[in-house]
2 protein chains.
Amino acid sequence: MSEQEFQLTCPIPIQQYPTVVMAHGGGGRLMHQLIDKMFVATFGGNALRHRHDSATLVIPTGRLALTTDSYVVRPLFFPGGDIGKLAVYGTVNDLAMSGAHPLYLTLGMILEEGMPMETLWRVVLSLKEAAERAGVQIVTGDTKVVDRGKGDGVYLNTSGVGMITHDLLIAPQSVQVGDVVILSGDIGRHGIAVMAVREGLQFESPIESDCAPLAEPVMALLRAGIEVHCLRDLTRGGLASALVEIAESAGVGLVLEETRIPVLEEVRGACEILGFDPLYVANEGRFVAFVPPSQADVAVQVLRHCEVSAGAQIVGEVTASPPGTVLLRSVIGTSRVVDMLSGEQLPRIC
Amino acid sequence: MSEQEFQLTCPIPIQQYPTVVMAHGGGGRLMHQLIDKMFVATFGGNALRHRHDSATLVIPTGRLALTTDSYVVRPLFFPGGDIGKLAVYGTVNDLAMSGAHPLYLTLGMILEEGMPMETLWRVVLSLKEAAERAGVQIVTGDTKVVDRGKGDGVYLNTSGVGMITHDLLIAPQSVQVGDVVILSGDIGRHGIAVMAVREGLQFESPIESDCAPLAEPVMALLRAGIEVHCLRDLTRGGLASALVEIAESAGVGLVLEETRIPVLEEVRGACEILGFDPLYVANEGRFVAFVPPSQADVAVQVLRHCEVSAGAQIVGEVTASPPGTVLLRSVIGTSRVVDMLSGEQLPRIC
């Protein structure tokens, strides 16, 4: 589809409203048109169509998982993804990390006055596609507009509701000494993909974000009867921060084998140029699973059968001491303590 | 408590971190400190304390209501309220308008680099107080920081989960010809309170926002056996936009008696100065209820027993024609058609 043809797909006439104006958030006709024509018509679903203040959902009895995330990534579009995909997958993945089956999303949009209508339409289409891929419904939403200069195009918030259908307590407190740490694939791609665009870096082959929905591999582990102790996606702060957080919460030690942690050659190179450590770079489609040693090999096989975790590897194990500490054993056999960053390495990557 | 004493209550040492910095959203130690010390410790609750990616909730079987709203009010503090109260009551009220009993909130914060830490602490305390008053738990949250100039202090998003324990369909499609329209109190205070601060208007007695949680009067109606057909809170776009929306969705006409719509003298005066029509001014603690004529008087009595709806009045009725049209009968007996605004009257009042 040509650029011009694409523009014609936009349900708001771009000639007439080339940009978002304050009135698109003012509660009047313009806001209703934007919501009805662009959002409700695109995302579909009965709950949304009723256009009441909240969506009504019938939920089977049981445990629910509830999560929320705001998305402020800059730029809005980057190799392998965009803010719309992040907003769906990020929240779906938080649900999956509780072992929950993601069902419903809410969508809050904070638009900046002057944002091109066409850009908004691209984001909306991306949200729709991502929701379809992740198998969730966007059931209710809200739109606000802030003055020019008081936002950055668009900020999104999604909250997610999922059903928990297992009896496990998937959380740091379930982690046990001896547990095996499985990493679902290579790390560092999302953060580097975003930073490369921002810093204007050129690579021979562009590094694409790993952003992807993770419920499928998690459900596969549970279906296979793996007694999953803890799951964590490796977003802000990367693999290092996630593991330090778990080690501290669980009061255990972790030992990682550096050679087993997959990092693409291009990502390693970009990290050297930018002065980053891949262990701390954000991912949006990677997670760690803590499982009993007796089930580790089966778990790896199950994960490798799913596309998004085809590169699953055992990368370490849980030790009794020193509690709260993550040790990284290097190629040459030396060990160093991995700490959480005190500040930020990469601002606004999600 | 003196200003200095208040500052000492802030769990983040203000001397050391007088403002929000990018690292407070970076996924490292600083972010964890902010979340643990300021948010988790203040809002409390077991779900939040586990600090996992999502909260796990046990929900009795049945219908759930789910809603989301972002809050971008400017200024953050105004007579009678602030962004924290709005973020709790606004979302709780959306749940109440489905006849749902509000249970849980999520909280997404987008902080601007450079925001005074003390201001953030004031907002957090206000969120806590409002959640207590509304009887809801903040169970999960997320914090992002955007660069200086790319936000406006703080934007909040709350999503809400509520239980529906009645068998009614409280929605525009349940509205019937003959239904009585009850308004829960005087209108226009919230929008005018915010605009007065923004425009530097001085009144003899300051106009306070009406912002308040509305689940109590709704639950009282349901407990009293009132067959509630539709409920709607009168936020952006005010009473006029809410009624036009319902008339259009339900395909019915509405006739309102202007003399029965309570507006404070000070609000009327401020509207004249600012060139606003109180019918279109936003409220944050007012709603309309559509009930069968046979139950209207009882419903008014029930509402008047609740503090937030003590000024409840019958203001109009549902007619067969003309469908989708709201007619306002004036003091002198003339009628005019009330339309939805095309754009915004008051930007960023919620």
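The values are calculated or read from the model by the stated rules, or taken from the named source; none is laboratory data. Bear in mind that the values here come from a model prediction, so they are computed numbers and not experimental data. No Cβ is skipped: glycine too gets one built from the backbone with ideal geometry, and neighbour counts run over all protein chains shown. Calculation scope for accessible area: heavy atoms of the full protein, side chains included, ligands and nucleic acids excluded. Shrake-Rupley method; radii C 1.70, N 1.55, O 1.52, S 1.80 Å.
Note on the stretch B:1-79: enclosed helices (runs of 4 or more DSSP H) holding 2 or more residues that are out of contact with any strand residue (DSSP E or B) (no Cβ under 8 Å at 6 or more places or on another chain) and modelled with pLDDT under 85 are B:3-9, B:46-49. I'm checking my understanding of the structure. Among residues of the stretch A:154-177 that are at the interface with chain B (Cβ under 7 Å from one of its Cβ atoms) and of a type outside the set (Val, Ile, Thr), which one is surrounded by the fewest Cβ atoms within 10 Å (Cβ to Cβ)? The residue in question is A:ALA171. Within the stretch B:17-41, the set of residues being out of contact with any Asp or Glu (no Cβ under 9 Å at 6 or more places or on another chain) and crowded, with 20+ Cβ neighbours inside 10 Å comprises B:LEU34, B:MET38, B:PHE39.
Screening B:PRO116 against (1) open to solvent by 10 Å² or more (accessible area, probe 1.4 Å); (2) in contact with a helix residue (DSSP H, G or I) (Cβ under 6 Å, 6 or more places away or on another chain); (3) modelled with pLDDT of 95 or more leaves a single unmet condition, (2).
Screening the stretch B:295-325 for residues that are assigned to a loop (DSSP other than H, G, I, E, B) and polar (S, T, N, Q) and picking the one that is farthest from the chain's Cα centre (by Cα) gives B:SER321.
Yes or no: A:SER126 in the same structural domain as A:ARG63 (by TED's automatic domain parsing), open to solvent by less than 50 Å² (accessible area, probe 1.4 Å), assigned to a strand (DSSP E or B) and not aliphatic (A, V, I, L, M)? Considered against the rule, which asks whether it is in the same structural domain as A:ARG63 (by TED's automatic domain parsing), open to solvent by less than 50 Å² (accessible area, probe 1.4 Å), assigned to a strand (DSSP E or B) and not aliphatic (A, V, I, L, M), A:SER126 comes out as no. Is there a residue in the stretch B:279-288 that is in a helix (DSSP H, G or I) and polar (S, T, N, Q)? Within the stretch B:279-288, not a single residue is in a helix (DSSP H, G or I) and polar (S, T, N, Q).
Quick one: which residue in A:GLU208, A:GLU204 is at pLDDT below 95, assigned to a loop (DSSP other than H, G, I, E, B) and surrounded by fewer than 20 Cβ atoms within 10 Å (Cβ to Cβ)? Just one listed residue meets the conditions, A:GLU204.
One residue stands out among those in the stretch B:62-80 that are of a type outside the set (Val, Ile, Thr) and within 7 Å of chain A (Cβ to nearest Cβ): the one that is nearest to the chain's Cα centre (by Cα), which is B:ASP69. Condition test on A:LEU103, is it outside any helix (DSSP H, G or I) and either open to solvent by 20 Å² or more (accessible area, probe 1.4 Å) or hydroxyl-bearing (Ser, Thr, Tyr) (or both)? Against the criterion (outside any helix (DSSP H, G or I) and either open to solvent by 20 Å² or more (accessible area, probe 1.4 Å) or hydroxyl-bearing (Ser, Thr, Tyr) (or both)), A:LEU103 qualifies.
Considering the stretch B:130-139 alone, what residues qualify as being touching a residue at least 24 places away in the same chain (Cβ under 8 Å) and either more than 11 Å from chain A (Cβ to nearest Cβ) or open to solvent by 10 Å² or more (accessible area, probe 1.4 Å) (or both)?
B:ALA130, B:ALA131, B:ARG133, B:ALA134, B:GLY135, B:VAL136, B:GLN137, B:ILE138 - these are the residues of the stretch B:130-139 that are touching a residue at least 24 places away in the same chain (Cβ under 8 Å) and either more than 11 Å from chain A (Cβ to nearest Cβ) or open to solvent by 10 Å² or more (accessible area, probe 1.4 Å) (or both).
When residues in the stretch A:309-349 are screened for being among the β-branched types (Val, Ile, Thr) and either open to solvent by less than 20 Å² (accessible area, probe 1.4 Å) or under 11 Å from A:LEU254 (Cα atoms) (or both), 8 of them pass. Is it true that some residue in the stretch B:141-153 is crowded, with 16+ Cβ neighbours inside 10 Å and more than 9 Å from every other protein chain (Cβ to nearest Cβ)? For the stretch B:141-153, residues crowded, with 16+ Cβ neighbours inside 10 Å and more than 9 Å from every other protein chain (Cβ to nearest Cβ): present. Return yes or no: is A:ARG223 assigned by TED's automatic domain parsing to the domain that holds A:GLN313, open to solvent by 10 Å² or more (accessible area, probe 1.4 Å) and either at positive phi or under 21 Å from the mean Cα position of the chain (by Cα) (or both)? Considered against the rule, which asks whether it is assigned by TED's automatic domain parsing to the domain that holds A:GLN313, open to solvent by 10 Å² or more (accessible area, probe 1.4 Å) and either at positive phi or under 21 Å from the mean Cα position of the chain (by Cα) (or both), A:ARG223 comes out as no. Looking only at residues of the stretch A:232-254 that are open to solvent by 20 Å² or more (accessible area, probe 1.4 Å) and not charged (D, E, K, R), we find that the one that is farthest from the other protein chains (Cβ to nearest Cβ) is A:GLY251.
In this structure, does A:VAL92 turn out to be part of a helix (DSSP H, G or I), within 13 Å of another protein chain (Cβ to nearest Cβ) and buried (at least 23 other Cβ atoms within 10 Å of the Cβ)? Here the answer is yes, as A:VAL92 does meet what is asked.
Pull up the stretch A:72-117, narrow it to residues that are of a type in the set (D, E, K, R) and out of contact with any Cys (no Cβ under 6 Å at 6 or more places or on another chain), then point me to the one that is farthest from A:GLY62 (Cα to Cα).
Once the filter is applied, the top-ranked residue is A:GLU113.
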